[in-house]
Amino acid sequence: MRTEDASARYVDLDAWGGLDILQALWEGQLAAVAAVGPALPAIEAAARAAEPGLREGGRLVYVGAGTSARIGVQDGAELPPTFDWPEAQLGFAIAGGEGALLRAVEDAEDSGADGAAWITRAEIGPRDVVVGLAASGSTPFTVEALKAARILGAVTVGVSNNPEAPILREAAHGILAATGAEVLAGSTRMKAGTAQKVILNLFSTLVMIRLGRVYRGRMVAMRATNRKLRARGVAMVSELAGCPAETAADALTRAEGDIKRAVLIAGGMSAMRADDLLDRHDGSLRRALREVGRS
């Protein structure tokens with residue numbers, strides 16, 4: 001596995017000066033981001049395949065062990081506050097259980113049976129999307145979870161940092177970011193982990209955009225759970241509806257904090273009609289506004 005290779009360039013790394021070490025580490029991070037570029041078509045294809053089932057109430061499930069599991073949880077946990085994605089439509093299959101997010105659980109990643117069993121217990125089905133991450137691309141827990149999910153009809157996505165890895169073959173949609181050898185040989189929390197995070201950021205954000213949770217580059221489905229976010233919501237409604245901040249704030253109150261509804265209400269629509277319009281357009285504010293000639 002190329003992610004396990006030791007680079008001759010860094011054989012004396014521990015004898016270098018601090019700035020030289022940081023330069024090498026920084027260059028590795030830049031290379032990790034660049035490695036995602038060739039994977040953009042695969043990411044787009046996976047997002048396109050994921051959209052129909054998620055639109056119909058399917059779950060987005062992240063599967064991984066160690067660093068990959070933590071990166072998956074980081075991405076998924078941000079979807080509810082950022083895009084108002086329902087917690088009931090999120091799942092995390094973590095080798096070793098939730099406790100492994102904070103402390104390593106020895107040998108947990110080697111149990112393929114545990115990965116498959118999680119998928120069975122969760123009653124994964126055709127509307128669900130299962131995303132497995134493994135730098136090596138061969139982690140038994142993750143590979144077997146994807147196999148089981150695919151048999152049950154779910155959309156499966158496999159993310160790896162090694163070419164020709166089993167996870168890329170087992171998933172319907174394989175996404176490769178070939179990050180190669182790490183500055184610290186085998187420390188895949190570095191380049192490989194960075195590339196995985198970028199891939200998930202791109203994938204999940206594209207999915208949420210396609211599901212109508214973004215309008216004009218704004219997070220119009222976000223949850224305003226603190227003062228900063230409430231102020232952001234008022235500013236968004238004011239800008240998108242072309243109204244004073246006071247009108248926007250009142251519309252948000254009437255819309256119970258729902259920004260998309262508030263934009264329509266601020267334009268003179270009743271809350272009931274706003275709900276009906278958004279429902280008919282699958283929550284797309286753009287299409288709703290287009291129908292009433294305001295897009």
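The values are calculated or read from the model by the stated rules, or taken from the named source; none is laboratory data. These numbers come from a predicted model, not from an experiment. Cβ atoms come from the backbone with ideal geometry, glycine included; neighbour counts cover every protein chain shown. For accessibility, only protein heavy atoms count, side chains too; no ligands or nucleic acids. Shrake-Rupley method; radii C 1.70, N 1.55, O 1.52, S 1.80 Å.
At-a-glance table
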item	result
Top positive-direction residue, dipole computed over segment 72-192 with Cβ charges, set 152, 85, 111	152
Shape box of segment 67-196 [Cα atoms, principal axes, largest first, Å]	39, 32, 27
Gyration tensor verdict on segment 212-263 (Cα atoms; rounded if a/c is under 1.5, prolate if a/b is larger than b/c, oblate otherwise)	rounded
Assigned charges on the beta-carbon of Lys, Arg, Asp, Glu; segment 141-295 dipole about Cα centre (debye)	280 debye
Qualifying GluC sites (Glu not before Pro) for segment 81-145 [loop in DSSP, other Cβ within 10 Å: at most 15]	106, 123
Efficiency of FRET between residue 209 and residue 15 - r from beta-carbon atoms, R0 41 angstrom, step 0.05	0.30
Rg/Rg_ref, segment 155-295, where Rg_ref = 2.2 N^0.38 Å and atoms are Cα	1.43
Global form of segment 20-131, assessed from the alpha-carbon gyration tensor, a/c cut-off 1.5	oblate
Coarse-grained scattering of segment 65-135 at q = 0.16 Å⁻¹, given as base-10 log I(q)/I(0) from a Debye sum over alpha-carbon atoms	-0.59
Against the rule of thumb 2.2 N^0.38 Å, how large the Cα Rg of the chain comes out	1.14
For a label point 7 Å along the Cα-to-beta-carbon line of residue 49, residues of segment 120-142 with backbone N under 18 Å	124-134, 137-138, 142
Net dipole in debye of the chain [+1 Lys, Arg Cβ; -1 Asp, Glu Cβ; about Cα centre; nearest 20]	1340 debye
Per residue value of the accessible surface for segment 32-152 (all protein chains in place, 1.4 Å probe), Å²	43 Å²
Loop GluC sites (Glu not before Pro), segment 238-274, which have at most 11 other Cβ atoms in a 10 Å radius of their Cβ (DSSP)	256
Solvent exposure of segment 168-295 as accessible area per residue, Å², 1.4 Å probe	48 Å²
Portion, in percent, of the accessible area of the chain that falls on carbon or sulfur, probe 1.4 Å	52 percent
Net lengthening on full extension, residue 101/residue 273 (0.36 nm per residue, minus Cα-Cα)	57.4 nm
Cα gyration tensor category, rounded, prolate or oblate, for segment 10-60 with a/c compared to 1.5	prolate
Value at 222 nm in deg cm²/dmol, rounded to 500, when DSSP H runs of n ≥ 4 in the chain each add -39,500 (n - 2.57)	-15500 deg cm²/dmol
Positive dipole terminus of the chain, leading residue within 33, 163, 222 (C-beta point charges)	222
Under the span-like rule (Cα at least 20 Å along the axis, Kyte-Doolittle mean at least 0.5), DSSP H helices of the chain	18-36, 191-210
Net charge of neighbours whose Cβ lies under 9 Å from the Cβ of residue 186, counting Lys and Arg as +1 and Asp and Glu as -1	-3
